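One structure is given here, and the rest of the page talks about it.
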Amino acid sequence: LPSLAGFDEVVIHDTGSSDRTIEVAGGLGAAIFSTEPIVPFHFAEARNRALDRCTGDWVVSVDADEAMEPGSVQAIRDACARAEATGANGIRIWFVFDPGKSEYLRFVVWKRGAWRWKNRVHNELDPVDPPVIVDAPNARLVHFEPADKRRPWRAEQTFELLKISASEDGGHVRALRHLAQEHILRKQPEPAVRLLKRYIASTHEPDIERFHALLSM
């Protein structure tokens, strides 16, 4: 939260934390909103609840295990001003997933009202207006916990939510691919093959994505 100093507001929507999240975040100046837990969890719904609490013209999405590098807040503010002048409604900044190993441009800043979150898990932003995305190359968001140190329960939560998403939402075809990959990690080839076949037959993603999915086998 201290890395976000300089933004007009910091909004946290709590969906049932059992630790000191609300106390700590409130003490650091964040605006805290709480609702009952979402069962089974739905990441897009939770994120959209937070989005609906925001009041600024532009929104930046930051997870609890991420932090802005120094100077990035001002770089984002400058990029928003440029985007307003050119009619853009989305901004990509550098996302450092594993410092020293992996970083790429990621879409995490957008004009409020122009985008909404979708998908129960592996959620992504869906345009309400025609998307016009520009880059802010001087802004960097760092993921500070290496992926291989994630807590085991999170992997199981993702696995269970993918099962629900693949069965309830025909529009989230990519859930089939993610679920197949989870089965591969668990050395369960038969369900993985069935899911990948459904993904290949149903997806409208480019051929390169289909090839990549097959190579993951």
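The values are calculated or read from the model by the stated rules, or taken from the named source; none is laboratory data. Keep in mind that what you see is a predicted model, and the values were worked out from it rather than measured. Quick reminder, even Gly has a Cβ in these numbers, built from the backbone with ideal geometry, and neighbours come from all protein chains shown. For the accessible areas, the whole protein counts, side chains as well, though only heavy atoms, and no ligand, DNA or RNA atoms are used. Shrake-Rupley method; radii C 1.70, N 1.55, O 1.52, S 1.80 Å.
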Practice item. Would you tally the residues in segment 198-217 being under 13 Å from L179 (Cα atoms), open to solvent by 100 Å² or more (accessible area, probe 1.4 Å) and at pLDDT below 85? Key: 1
Practice item. Test R186 against the stated conditions and say whether it is open to solvent by 40 Å² or more (accessible area, probe 1.4 Å) and closer than 30 Å to D78 by Cβ. Key: no
Check your understanding: Which of the residues spanning segment 1-30 are in contact with a helix residue (DSSP H, G or I) (Cβ under 8 Å, 6 or more places away or on another chain) and over 19 Å from L141 (Cα atoms)?
Key -> H13, D14, T15, L28
Revision key, fill the gap. Reported set for segment 84-103 where residues are open to solvent by 60 Å² or more (accessible area, probe 1.4 Å) and either aliphatic (A, V, I, L, M) or at pLDDT 95 or above (or both) is E84, A85, T86, R92, W94
Check your understanding: Consider N119 against the criteria (1) buried (at least 18 other Cβ atoms within 10 Å of the Cβ); (2) at negative phi: it satisfies all of them except one. Which criterion is unmet?
Key -> (2)
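Do we have D148 as modelled with pLDDT under 95 and either exposed (fewer than 15 other Cβ atoms within 10 Å of the Cβ) or among the polar types (S, T, N, Q) (or both) here? Step through it out loud before you land on a result.
Working: modelled with pLDDT under 95: yes; either exposed (fewer than 15 other Cβ atoms within 10 Å of the Cβ) or among the polar types (S, T, N, Q) (or both): yes.
Yes, satisfied.
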Exercise for review: Inspect all residues belonging to segment 74-86 and state whether any of them is under 23 Å from P137 (Cα atoms) and basic (K, R).
Suggested key: yes
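When the residues of segment 50-62 are filtered to those that are open to solvent by 50 Å² or more (accessible area, probe 1.4 Å) and of a type outside the set (S, T, N, Q), which remaining residue is nearest to R116 (Cα to Cα)?
Per the stated criteria, the residue is D52.
Of all residues in segment 135-145, which are of a type in the set (A, V, I, L, M, F, W, C) and either loosely packed, with under 15 Cβ neighbours inside 10 Å or over 21 Å from V73 (Cα atoms) (or both)? Reasoning before the result, please.
Here is the first cut: in segment 135-145, the residues of a type in the set (A, V, I, L, M, F, W, C) are 136, 139, 141-142, 144.
Residue satisfying the conditions is F144 alone.
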Exercise for review: Spot the failing condition for S167; the list is (1) loosely packed, with under 13 Cβ neighbours inside 10 Å; (2) over 30 Å from G90 (Cβ atoms); (3) within 18 Å of the chain's Cα centre (by Cα), and only one is missed.
Suggested key: (3)
Check your understanding: Restricting attention to segment 68-83, does a residue exist that is more than 20 Å from Q181 (Cβ to Cβ), assigned to a strand (DSSP E or B) and either open to solvent by less than 80 Å² (accessible area, probe 1.4 Å) or without any contact (Cβ under 8 Å) to a residue 60 or more places away in the chain (or both)?
Key -> yes
Practice item. Specify the residue that is least open to solvent (accessible area, probe 1.4 Å); the eligible residues are those in segment 1-49 that are without any contact (Cβ under 8 Å) to a residue 12 or more places away in the chain, part of a loop (DSSP other than H, G, I, E, B) and more than 17 Å from V121 (Cβ to Cβ). Key: S17
